[in-house]
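Chemist: Structure incoming, see below.
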Amino acid sequence: VSTANGPTFRFRPADEVLAELKTLGKLILFADDNVMVHRQYSKELFTKMKGLDKHWIGQCSLAAVKRLENIKLMAESGCKALFIGFESIDEETVKFTGKRQNKPSQYKETMQMLHEHGIATWGSFVFGFDTDSKDVFDRTVEFGIEMQLTMALYAILTPYPGTQLYRRLLAEGRLTDPKWWLRNDHDAGSPYYIPKRMTREELREGWVRAWTQFYSYSSMWRRYTVRRAQEDTPGSSWLQMIGFWPLNFFQHQLAHRKIAGGMQRFRAGVEFADAAFSLGGAPPNLSRAPLEPTAAGFAGLSNPVAPLFTRTKDGRKALQVVD
């Protein structure tokens, strides 16, 4: 996130946000990577929101929701669901990613506090770290079911240009396509690097399996037949049941028709690449011709190792495109 958006937090005045909220409908989505990143600002905003009678959904870090007073404040201001980046359920992987604020040993307690206050949870997980083994997929799905996550999102680790991960994998010779973002057949479920503890196909298959298992009918039944809220938050469990069942059915269709359906196309690509290597040739070039350098985004980066941002003469931040 910081590579693309810069390292500085930018806040709108709380009163300005409040004035805009008054003009909007009942349900609000905060387009913010972490609604509790600044405790004082969030406290001011959410305290003022208590009288608005709004329901809102947002993103939040695990570090913020570990504090009961933060959870209470969000619930009182109308929070109904939070998107939370767990990244991994393994201590070793969390340390490897540098997210030391994520403590897998505390996940259960945190989820229980959120559900007791009527806040639904949408968990995000990433597969393909160097510390991940082949059993990580099933364990992660079971964790999500046991924690009664309302929704889950599973992603494959992606070496975006300009990031430290990209530079490291490039230096280690583990990128299968150094300009993967230019491919016509690019999709979010294709690993463009060689994992350490599994093959690329095993990573892809595990990712597909996670989606289909979590959004299976048996998983949905297990997650939704347990009462989430205590008696002091009447109706919240019913609201979650009504509001999120349709979304789970939609995700069920997505997982089985789109995500699982793409596995055949991926296998064909892997077999083609393996055949090219076995004949002693170069890796097949499935990419379209590179675009001319522009400031529009990753597609124009001719040197993906270079930093994405630079400073202009007047001190402003600008996207840097270097040959």
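The numbers here are math on the coordinates, done by the rules we state, and not lab data. Quantities reported herein were computed from a predicted structural model and do not represent experimental measurements.
Chemist: Enter the Cα centre distance for the pair region 5-24 and region 45-70, rounded to the nearest angstrom.
Modeler: Between the Cα centre of region 5-24 and that of region 45-70, the gap is 14 Å.
Chemist: Taking H placed 1.01 Å from N in the peptide plane, check which residues at least 5 places from residue 28 or on another chain put their amide H under 5 Å from its amide H.
Modeler: 55, 56, 57
Chemist: Could you tell me which of the pairs 72/258; 80/108; 134/258; 103/179; 66/258; 50/103 are separated by over 27 angstrom between their Cα atoms in the structure shown?
Modeler: Over 27 Å apart, Cα to Cα: 72/258; 103/179; 66/258; 50/103.
Chemist: Determine the gain in length on full extension of the stretch residue 202-residue 26; use 0.36 nm per residue of separation and subtract their C-alpha separation, reporting nm with one decimal.
Modeler: Full extension from residue 202 to residue 26 adds 59.0 nm.
Chemist: Then there's this: Quick check on region 10-269: of the DSSP beta bridges with both residues there, what percent are antiparallel, nearest 5%?
Modeler: 5
Chemist: Taking H placed 1.01 Å from N in the peptide plane, check which residues at least 5 places from residue 121 or on another chain put their amide H under 5 Å from its amide H.
Modeler: For residue 121, the qualifying residues are 82, 150, 151.
Chemist: Please work out the Cα center distance from region 171-191 to region 80-158, rounded to the nearest Å.
Modeler: About 25 Å separates the Cα centre of region 171-191 from the one of region 80-158.
Chemist: With the cut-off at 1.5 for a/c, could you classify region 10-269 from its C-alpha gyration tensor as rounded, prolate or oblate?
Modeler: Judged from the Cα gyration tensor, region 10-269 comes out prolate (a/c at least 1.5, a/b above b/c).
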